[in-house]
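Below: one structure, written as structure tokens.
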Amino acid sequence: MEGLTYSLARDHDVILRVVDRLETRVAEWRRTNNIERESLEKFIEFAKLFTDRCHHGKEERCLFPCLERRGIPREGGPIGVMLYEHEIGRQLIGRLEKAAEMYFAEGRGLDEVLNICEDYINLIRQHIAKENDILFPMGEKVADEGDRERTNSCYEDVELRELGEGEHHRLEELADEI
Ligand SMILES: [Fe+2]
Ligand SMILES: [Fe+2]
């Protein structure tokens, strides 16, 4: 049986690869004073579907409830902080979509688009570091065999329900096209 957080840590590797690529693009776009539409739109699609809907869905619906049952507090504890940061990420992507729409329609607001990208990159990196270094090891310590089974089958359900068959793989490939 896989560990409690193995599937989530694997998602983190893909998400970190994407933010590394985005960081390179942002530097390029600042230099050339031009944003490549296709590349930014692929990033937004990845952030909404893979990172938020699927990965954060797996954490919020499968892992966090399990940790709460094992006594790790939600309010005033690490889970509350993680939920708050998921929400900040959602808001940043919402703002990014609007700013990008204006930029591509009217050619205005390049700095705004790139600044939001940078805020998102910083948020995601420190968020994932906290999960990988603190929350996930904490979870592995308190989980038993039943928790691991339930949580892993919950991850599969969320992936299937939120993305559908094959979509997880397609998005992983999209990650390399940003
Ligand atoms: Fe998270
Ligand atoms: Fe995560």
*asked:* Only one of E149, E131, E140, E172 is more than 16 Å from ligand 2 (Cβ to nearest atom) and either out of contact with any Cys (no Cβ under 8 Å at 6 or more places or on another chain) or modelled with pLDDT of 95 or more (or both). Can you tell me which?
replied: E149
*Only one of (1) away from ligand 2 (no atom under 11 Å from the Cβ); (2) under 12 Å from the mean Cα position of the chain (by Cα); (3) of a type in the set (A, V, I, L, M) is not met by L40, so which one is it?*
(2)
*For residues that are within 16 Å of the chain's Cα centre (by Cα) and free of Cβ contacts under 8 Å to residues at least 40 places away in the same chain, scanning just region 128-169, find the one that is surrounded by the fewest Cβ atoms within 10 Å (Cβ to Cβ).*
H169
*Could you check L40 against (1) surrounded by 20 or more Cβ atoms within 10 Å (Cβ to Cβ); (2) more than 16 Å from ligand 1 (Cβ to nearest atom); (3) more than 17 Å from G89 (Cβ to Cβ) and say which number it fails?*
(3)
*asked:* Among the residues that make up region 2-11, is at least one of them modelled with pLDDT of 95 or more, within 12 Å of the chain's Cα centre (by Cα) and among the charged types (D, E, K, R)?
replied: yes
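Out of all the residues in region 143-178, which are in a helix (DSSP H, G or I) and more than 30 Å from R70 (Cα to Cα)? Break it down stepwise before answering.
Of region 143-178, the ones in a helix (DSSP H, G or I) are 145-162, 167-177.
Of everything in region 143-178, those that are in a helix (DSSP H, G or I) and more than 30 Å from R70 (Cα to Cα) turn out to be E167, H169, R170, L171, E172, E173, L174, A175, D176, E177.
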_Pair list, Cβ under 6 Å, 6 or more apart: region 15-35 residue more than 15 Å from N122 (Cβ to Cβ), other residue modelled with pLDDT of 95 or more and not in a helix (DSSP H, G or I)_ = W29/I35
_Residues of region 3-13 satisfying the condition of being surrounded by 18 or more Cβ atoms within 10 Å (Cβ to Cβ) and out of contact with any Ser or Thr (no Cβ under 9 Å at 6 or more places or on another chain)_ = L8, H12
_Any helices (runs of 4 or more DSSP H) falling wholly within region 33-142 and containing at least 2 residues that are more than 29 Å from C154 (Cβ to Cβ)_ = 37-46, 78-106, 110-130
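The values are calculated or read from the model by the stated rules, or taken from the named source; none is laboratory data. Keep in mind the model is a prediction, meaning the values are calculated, not measured. Every residue, glycine as well, gets a Cβ built from its backbone with ideal geometry; the counts of neighbours run over all protein chains shown.
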